[in-house]
Amino acid sequence: MKKVKNILILAGGDSTRFWPLHEKVLFSFLGKSLIEYIFDLVEPLGEKIIVVASTNNSKAIKELRPRATILVQKDLDGMAGAVLSCKNDLKGDVLILNGNDLFSKTILLKLLDEVLAKDLDFAFVAKKMNSYFPGGYLSFDPEGKLSGIIEKPDPTRLPSDLVNLVIDYFKNSAQLIQILADVHSGKDDLFEIALTEFIKKYKTHYVAYDNFWHTVKYPWQVLPMMNHFLSGLGEEIRLGKNVKIAQTAKVVGPCFIGDNTIIGDFALVRQSHIGNNCIIGGYSEVTRSYLGNNVSLHRNYVGDSVLDNSVLLGAEATTANFRFDGKAVKSVVSGKKIDTQLLKFGSIIGAYSKIGVNTTLLPGVKIGSHTLVAPGYTIAEDIGDNLFVRKQTVKNKHVDSLTRNTQ
């Protein structure tokens, strides 16, 4: 099979929507970062690997793949800006992918076969979505011919149920760069406008895909991504080095438990991903959750939640993970409630935060990094970074006092 000249991996986003977690492409699953899985997937298919990174993650990505070309995204926003950032490094054809998406290699092979068989200028992969996804939707003319791609349309007026997955092949990268430089928009849809112009001018075809596809844009999407990797273990309990599990503890696979982690007496761990140097103290339960490194628990329930590195939960602190009305849990992003499409979803806790004894986090709540929550709270709303919540809750609904963590 003829190799693609350039494979361009987009990893330069600022991860704002991923708060309170950081650097989604570097998030680790089964001991490897997400972008390493992308590298392994595409390296056999391309002559040159280019990664458009951010100032925050470029060094770490370079250490993972020294032979890849790492470019820092310049003062150009969005996917269009990412592609324009490497215009001087692209020569010939290019395959563009997101660094935070995971999919089957078979669709890449099928896409490239279609390119060769039909001599296409532009080819991409589309997937049918059963519920609204904030992405680029395919539009068609009255005769059913592909006419364009519309970014984040009104959910009540979708042009189709097909979404571009950003697995995009261009025969001539110079043509793409030229169109990107020529189009204009006041919204974050410049890339999709360029694709629409490309569709009008050049021979285009999309390939439908119905296999697994996972993305990590929002922090709760770590959970389905985790489940994908754990499903590959079957019922295996994969243990790192020097893991200690008490005789009275129970671990139910699939599970991943990192190096030097301790599972205490009468603890229950099931279908979870636990990092290195964690302490799952006695009588704790960790269910369908992702724990980073150096997490400490003591008589806690952690269900359907994500705890970043060095999080500590005091005794009896709990993550509630189910709404009594049985509806999907919502979580706030940039001031708007987002439907997570998860019927069970607990909390997201940022790195180095500590939750006091007997505190309850309600479903969908996010706690920022380096934040302290005093004992006895019921937390119903997100709490930012570097805060100390220390006044007694009165109405059991809102946090009554947030003060900067200066003590």
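The values are calculated or read from the model by the stated rules, or taken from the named source; none is laboratory data. Fair warning: this is a prediction, and the values are worked out from it, not measured in the lab. With ideal geometry, Cβ positions are generated from the backbone for all residues, glycine too; neighbour counts draw on all protein chains shown.
Looking at 136, 144 in this structure, which one is of a type in the set (Gly, Ala, Ser) and over 21 Å from residue 97 (Cβ atoms)?
Just one listed residue meets the conditions, 144.
Given the condition at negative phi, touching a Cys at 6+ places or on another chain (Cβ under 6 Å) and not assigned by TED's automatic domain parsing to the domain that holds residue 338, answer yes or no: does some residue in the stretch 26-38 qualify?
no
Restricted to the stretch 139-183, and to residues that are over 26 Å from the mean Cα position of the chain (by Cα), under 25 Å from residue 113 (Cα atoms) and charged (D, E, K, R), which residue is surrounded by the fewest Cβ atoms within 10 Å (Cβ to Cβ)?
145
So which residues in the stretch 180-239 are in a loop (DSSP other than H, G, I, E, B), among the hydrophobic types (A, V, I, L, M, F, W, C) and over 21 Å from residue 261 (Cβ atoms), if there are any at all?
Once the filter is applied, which keeps residues that are in a loop (DSSP other than H, G, I, E, B), among the hydrophobic types (A, V, I, L, M, F, W, C) and over 21 Å from residue 261 (Cβ atoms), the stretch 180-239 yields 183, 212, 216.
Out of all the residues in the stretch 220-229, is one or more under 30 Å from residue 110 (Cβ atoms), out of contact with any helix residue (DSSP H, G or I) (no Cβ under 6 Å at 6 or more places or on another chain) and of a type in the set (S, T, N, Q)?
Yes: one or more hits.
Here is a yes/no grid of residues against (1) under 21 Å from the mean Cα position of the chain (by Cα); (2) modelled with pLDDT under 95; (3) surrounded by fewer than 20 Cβ atoms within 10 Å (Cβ to Cβ); (4) not aromatic (Phe, Trp, Tyr):
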residue	(1), (2), (3), (4)
81	yes, yes, yes, yes
85	no, yes, no, yes
89	no, yes, yes, yes
96	yes, no, no, yes
103	yes, no, no, no
122	no, no, no, no
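Under 9 Å by Cβ, and 6 or more places apart or on different chains, what pairs join a residue from the stretch 346-364 that is within 16 Å of residue 284 (Cα to Cα) and assigned by TED's automatic domain parsing to the domain that holds residue 287 with one that is assigned to a strand (DSSP E or B) and of a type in the set (Phe, Trp, Tyr)?
Within 9 Å, the pairs are 346/301; 346/322.
If I filter the stretch 31-49 down to residues being surrounded by fewer than 17 Cβ atoms within 10 Å (Cβ to Cβ) and part of a strand (DSSP E or B), which single residue comes out as nearest to the chain's Cα centre (by Cα)?
32
Could you list, in sequence order, the residues of the stretch 50-59 that are in contact with a strand residue (DSSP E or B) (Cβ under 8 Å, 6 or more places away or on another chain) and surrounded by fewer than 16 Cβ atoms within 10 Å (Cβ to Cβ)?
Matches in the stretch 50-59: 55 only.
Kindly indicate which of 332, 302 is modelled with pLDDT under 95 and either farther than 27 Å from residue 253 by Cβ or assigned to a strand (DSSP E or B) (or both).
Of 332, 302, the one residue that is modelled with pLDDT under 95 and either farther than 27 Å from residue 253 by Cβ or assigned to a strand (DSSP E or B) (or both) is 332.
Could you say which residue among 332, 357 is under 15 Å from residue 219 (Cβ atoms) and among the β-branched types (Val, Ile, Thr)?
So the residue among 332, 357 that is under 15 Å from residue 219 (Cβ atoms) and among the β-branched types (Val, Ile, Thr) is 332.
With 216, 207 as the choices, which residue is under 25 Å from residue 330 (Cα atoms) and aliphatic (A, V, I, L, M)?
The match here is 216.
Quick one: count up the residues across the stretch 190-205 that are touching a helix residue (DSSP H, G or I) at 6+ places or on another chain (Cβ under 8 Å) and not basic (Lys, Arg).
Total satisfying the criteria: 8.
Select, from 186, 136, the only residue that is farther than 15 Å from residue 84 by Cβ, crowded, with 21+ Cβ neighbours inside 10 Å and of a type outside the set (Phe, Trp, Tyr).
The match here is 136.
Quick check: anything in the stretch 254-262 touching a helix residue (DSSP H, G or I) at 6+ places or on another chain (Cβ under 7 Å), acidic (Asp, Glu) and closer than 21 Å to residue 352 by Cα?
For the stretch 254-262, residues touching a helix residue (DSSP H, G or I) at 6+ places or on another chain (Cβ under 7 Å), acidic (Asp, Glu) and closer than 21 Å to residue 352 by Cα: absent.
Kindly list the number of the only condition in (1) farther than 30 Å from residue 384 by Cα; (2) in a helix (DSSP H, G or I) that fails for residue 9.
Evaluating residue 9 over (1) farther than 30 Å from residue 384 by Cα; (2) in a helix (DSSP H, G or I) leaves (2) as the failure.
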